[in-house]
Amino acid sequence: NPSGEIGGSLDGGGLALSGKGSIAESLILKTLAKHLQKFQYCYEKALLTNASLAGHLMMKWTINPDGGTLGIEVVRSQLNYNPLHQCVSSELSRIHFPSPSGGAVTVKYPFTFSSTSI
């Protein structure tokens, strides 16, 4: 399992792709992993206001044929904390993914946020 080496909150479990285009899941995970600290920062910032925040955040977005992102939305969230949703969404909007072949690809991905501190 090539995605196993990323660790942290990107385990690749639950990643789902749809749409006309195609792109390797490993490329999506590798790209997300580069931005892991940004997502972690979103979470840590949210923890300052809400210390018990933890859980899964299922995000959905489309990767254009040019690698840009659009249509970013929260599918479901166990965290139910809007500032965190907005922070993750805005980080996703800045990411440039490898270009999918054959058209746009819609990605669903569950980010997992958990606090190790007590």
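Quick look at the numbers
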read-out: Residue in segment 30-79 that is nearest to residue 96 (Cα to Cα), counting only those that are in contact with a strand residue (DSSP E or B) (Cβ under 8 Å, 6 or more places away or on another chain) and among the charged types (D, E, K, R); value: 60
read-out: Of the criteria (1) at pLDDT 95 or above; (2) closer than 13 Å to residue 111 by Cα; (3) in contact with a helix residue (DSSP H, G or I) (Cβ under 7 Å, 6 or more places away or on another chain), which one residue 69 fails; value: (2)
read-out: Residue identified as over 23 Å from residue 115 (Cβ atoms), open to solvent by less than 40 Å² (accessible area, probe 1.4 Å) and modelled with pLDDT under 95 among 15, 10; value: 15
read-out: Residue match in segment 91-98 (condition: in contact with a Leu (Cβ under 7 Å, 6 or more places away or on another chain) and in contact (Cβ under 8 Å) with a residue 40 or more places away in the chain); value: yes
read-out: Matching residues in segment 37-61 - criterion: being over 14 Å from residue 112 (Cβ atoms), of a type outside the set (Gly, Ala, Ser) and open to solvent by 30 Å² or more (accessible area, probe 1.4 Å); value: 37, 38, 41, 44, 45, 47, 48, 49, 50, 60
read-out: Complete set of residues in segment 55-105 that are of a type in the set (Phe, Trp, Tyr) and either within 16 Å of residue 33 (Cα to Cα) or outside any loop (DSSP other than H, G, I, E, B) (or both); value: 61, 97
read-out: Members of segment 78-118 found to be of a type in the set (S, T, N, Q) and either closer than 17 Å to residue 59 by Cβ or open to solvent by less than 40 Å² (accessible area, probe 1.4 Å) (or both), listed by number; value: 78, 80, 82, 86, 89, 90, 93, 106, 112, 114
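The values are calculated or read from the model by the stated rules, or taken from the named source; none is laboratory data. Nothing here was measured: the structure is a model prediction, and the numbers come from that model. Positions of Cβ are generated from backbone atoms using ideal geometry, with glycine treated the same way; all protein chains shown enter the neighbour counts. In case anyone asks, the SASA skips ligands and DNA or RNA and just uses the protein heavy atoms, side chains included. Shrake-Rupley method; radii C 1.70, N 1.55, O 1.52, S 1.80 Å.
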